[in-house]
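What follows is calculated from the coordinates using simple rules that are stated; it is not laboratory data. The shown structure was predicted, so the numbers you read here are calculated from the model rather than taken from an experiment. Ideal geometry is used to build each Cβ from the backbone, glycine not excepted, and the neighbour counts take in all protein chains shown.
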Amino acid sequence: MTTFPNIFRPLDLGFTVLPNRILMGSMHTGLEDRKAHERVAAYFAERARGGVGLMVTGGVAPNEEGAALPGAGKLSTTQEVEEHRPTTKAVHAEGGRIAMQILHSGRYAYHQGGVSASPIKSPISPFAPIELDEAGIEKQIADFANCAVLAREAGYDGVEIMGSEGYFINQFLVTHTNKRTDDWGGSYANRMRLPVEIVKRIRKAVGDDFIIIYRLSMIDLVPNGSQWSEVVQLAKAIEAAGASIINTGIGWHEARIPTIATSVPRRAFTWVTKRLMGEVSIPLITSNRINTPQVAEDVLAEGCADMVSMARPFLADAEFVNKAKEGRADEITPCIACNQACLDHTFQLKLSTCLVNPRACHETELNYRPTENAKKIAVVGAGPAGLSAALVAAERGHHVTLFERASEIGGQLNMAKQVPGKEEFFGLVDYYKRQLDLKGVTVLLDKGASAEQLVRSDFDEVVISTGVVPRDPEIPGQDHAKVLSYIDVLKDRKPVGTSVAVIGAGGIGFDVCEFLAHQGVSPTVELDLWKQEWGVGDPAITPGGLSPEGPRPEPSPRQITMLQRKAKKHGAGLGKTTGWIHRASLAMKDIKMLGNVNYEAIDDRGLYISFGEERRDPQWLEVETIVLCAGQLSDNALAHDLDRMGIANHVIGGAFEAGELDAKRAIDQGSRLAATL
């Protein structure tokens, strides 16, 4: 009997039966826009092979005006049908099912031809949309229906109508963006005409034996959003119009509340979907921050939904469902919800991939094929780069010895996991421990490796992944007793005073501030505390689900000032989709941020600073503790020793380049190197 009985109950839709209750939610990877049809097919086929019950593609526009960007993927002509057939054929060959998401951007379109209910510019696009007239609205509805017909012709098993996240349909639903006074505005009955008519028209066009998923925004998290009574009214109307399934959408893209970042508690919004259970008779899907089989099982067992949507976990591990079914949940590569290689890449117009799985979206060019010549390989350093290199090399059949001078594997992951909001890193380190055991890597802890030792052991290949060391900021008096490094704080847990100056405003500086500004329970593991901190309320009380009181974070136990030498904004190098979250979180904790700072001296009084090249406004920050987070340098002494001895070696991760160090680059380097050894 499976460990997860609710996940593996089939779901009968009448005309078809889904084999389990897991939906792979829509993700835009960028492969679609590059017309990389064979790569798209390989990407989805691998996940169909992994056992997921139903997949949804990234958003496809029904017409040019609905496209997110000029040239973005659309399906409006019979010629474009052929571009989709390789994907549907590949998925069906693996026994899978796939629906195509129809996404109309509306005022979120990043071009001048966007259209919407009213000509109100969004905060995430520089272009105001064109207000549609009656004929224009009719054209959009007809284009949705045409797109669905073409999707069926292309071989898809269904479509998902994107009615949430602040896109076109959402823009008609709420007074925040719909200022019309005709039959498409004003009363809610008028404002919901568009989605209802779209579903009706699609059902009539495609027939009864085709899946129609409607993605319904259940909590908008924007001012003047939908009330709960309106959500229920719409859900019932969507069911009556012919939808097969209702999927849960959370928040608009312009909302200033995080919804899928790693600092959001797991299953943070399943309570919203659960409230709709029983109001309609068609299946409901819940979503957002569900990333393990156990979380999915619990959500289903508690009656929160009929099905669970997970998106990024399938970037992390295409075999997620099969591993869960086979009792190998501890072998699933965990999604840590970091956004670094998926959403950040999407919003930078780069090809998406995954921090913990560099093969994601690169299935046709990055493969770990068995070696024909097993080698004896030494990997020195068990941080993200070394771990990925060791595991891929071992998977391919090499004999790998991993040296680590610390008492545990993980490198800087072990400091990251101490930070409130980054608890997912605990699971990542545990995953690596399990994989090292499964793949037979010899792990030597508390064991640094010298060049002489490596030479004596006669390794065929040596990989140097010794990481980084803190940069010396060269501040007069920095050897004072009140000065600590970020390692002292995060790893060694040395005492920190109630008034603190943090020197450095990069990722580590932000992590240290988060660590010092929280005391007791992390909001990421306590949903009520997180909702209070960010001001998430009840859509039955406040339209849009924003708390009437606004954000109410627990006060910081310390007075903290974060400083940097640069004049630009703090955290400028943080992730594109998460940087604002980190800055907002610290602002809510009243952390003071100073830039363009010169560090003049440290003594018993604290930190003496001035500003700019003129060294103006000199002053003492009278603090009890000063924490140095002033950057990092590559720790590549071992590589230099080997070079001097004429011993070939491969340098990766922080040892290769310390600047803007992140696990994404380190894991990618380690994996790609090991794939070639």
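From the alpha carbon centroid of the range 266-329 to that of the range 608-638 is 46 Å. A convex hull fitted around the alpha carbon atoms of the chain yields 166 Å³ per residue. For the range 383-518, the Cβ-based charge dipole about the Cα centre amounts to some 220 debye (Lys, Arg positive; Asp, Glu negative; other atoms uncharged).
Relative contact order of the chain, please, whole-number percent, based on alpha carbon pairs below 8 angstrom and at least 6 residues apart. All intermediate terms of the calculation are to be shown ahead of the outcome.
Values: 1542 pairs, mean separation 82.2, N = 677.
It comes to 12 percent, rounded to a whole number.
Based on the alpha-carbon gyration tensor of the range 521-677 and its eigenvalue square roots a ≥ b ≥ c, which shape applies: rounded if a/c is under 1.5, prolate if not and a/b is larger than b/c, or oblate? Because a/c hits 1.5 or more and a/b fails to exceed b/c, the range 521-677 counts as oblate.
Legend: ranking of residues 499, 26 from fewest to most surrounding C-beta atoms inside 10 Å; resulting order 499, 26. If only the Cβ of Lys and Arg carry +1 and only the Cβ of Asp and Glu carry -1, the dipole of the chain around its Cα centre is close to 360 debye. About its Cα centre, the dipole of the range 613-677 is roughly 400 debye, where the only charges are +1 on Lys and Arg Cβ and -1 on Asp and Glu Cβ. Think of the chain as a dipole: +1 on every Lys or Arg Cβ, -1 on every Asp or Glu Cβ, centred on the Cα centre; then among 483, 421, 347, 347 lies furthest on the positive end.
Among 150, 444, a tally of other beta-carbon atoms within 10 Å of each Cβ gives an order, fewest to most, of 444, 150. Loop-located trypsin sites (Lys or Arg not before Pro) in the range 346-432 (DSSP state not H, G, I, E or B) with no more than 16 neighbouring Cβ atoms inside 10 Å: 350, 375, 405. Estimated from helices alone, the mean residue ellipticity of the chain at 222 nm is -9000 deg cm²/dmol (sum of -39500 (n - 2.57) over DSSP H runs with n ≥ 4, per residue). Dividing the radius of gyration of the alpha carbons in the range 372-428 by their Kirkwood radius gives 1.08 for Rg/Rh.
Computed over the alpha carbons of the range 60-204, Rg followed by Dmax gives 15.5, 50 Å. Express as a percent, rounded to the nearest 5, the fraction of DSSP beta bridges in the chain (both residues included) that run antiparallel. Antiparallel bridges: around 20 percent, rounded to the nearest 5. Exceeding 31 Å between C-alpha atoms, which entries from my cross-link table qualify? They are 236/350; 439/664; 200/274. Correct reply: 236/350.
Here the alpha carbons of the range 272-362 define both size measures, Rg and Dmax, at 14.9, 42 Å. By the Cα gyration tensor, the range 251-408 has an equivalent ellipsoid whose semi-axes, rounded to whole angstrom, run 35, 18, 15 from largest to smallest.
Evaluated at q = 0.19, 0.21, 0.23, 0.29 Å⁻¹, the base-10 log of the normalised Debye intensity for the range 7-47, with identical point scatterers placed on the Cα atoms, takes the values -0.71, -0.76, -0.80, -0.95. Between residue 348 and residue 541, what FRET efficiency comes out of the Förster formula 1/(1 + (r/R0)^6) with R0 = 51 Å and r the beta carbon distance, rounded to 0.05? FRET efficiency, residue 541 to residue 348: 0.85.
With a Förster radius of 51 Å applied to the beta-carbon distance between residue 446 and residue 81, the computed FRET efficiency rounds to 0.25. With only the Cα atoms considered, the range 1-134 has a convex hull volume of 157 Å³ per residue. Under the combined filter of DSSP loop state and at most 13 neighbouring Cβ atoms within 10 Å, the range 99-179 retains these trypsin sites (Lys or Arg not before Pro): 121, 179. Farthest towards the positive end of the charge dipole of the range 228-298, among the residues 284, 242, 268, is the Cα of 268, using unit charges on the Cβ of Lys, Arg, Asp and Glu.
The modelled label-to-label distance for the pair residue 9/residue 187, using points 7 Å beyond Cα in the direction of Cβ, is 3.9 nm.
What is the range 337-466 by shape, rounded, prolate or oblate, if you read a ≥ b ≥ c off the alpha carbon gyration tensor as root eigenvalues and call it rounded for a/c under 1.5, prolate for a/b larger than b/c, and oblate otherwise?
Details: a/c = 2.25, a/b = 1.35, b/c = 1.66.
In terms of gyration-tensor shape, oblate.
Considering only 148, 525, 30, the residue lying farthest towards the positive end of the dipole of the chain is 148, judged by Cα position with unit charges set on Cβ. Extension gain, residue 499 to residue 209, is 97.9 nm, computed as 0.36 nm per intervening residue step minus the present C-alpha separation. If you filter the range 450-509 for trypsin sites (Lys or Arg not before Pro), then keep DSSP loop positions with at most 10 other Cβ within 10 Å, what is left? The qualifying sites are 493. In the range 187-311, the inverse of the mean reciprocal separation of distinct Cα atoms equals 15.2 Å; this is its Kirkwood hydrodynamic radius.
Can you grab the distance from the C-alpha centre of the range 142-179 to the C-alpha centre of the range 451-507, Å, no decimals? Computed from Cα coordinates, the inter-centre distance equals 51 Å. Calculated from the alpha-carbon coordinates, the range 329-371 shows an Rg and a Dmax of 12.1, 37 Å respectively. With both labels modelled 7 Å from their Cα along Cα-to-Cβ, the residue 437 to residue 457 distance reads 2.2 nm.
Rounded, prolate or oblate for the range 129-173? Axes are the square roots of the Cα gyration tensor eigenvalues, ordered a ≥ b ≥ c, and the cut-off for rounded is a/c under 1.5. Oblate, because a/c is 1.5 or more while a/b does not exceed b/c.
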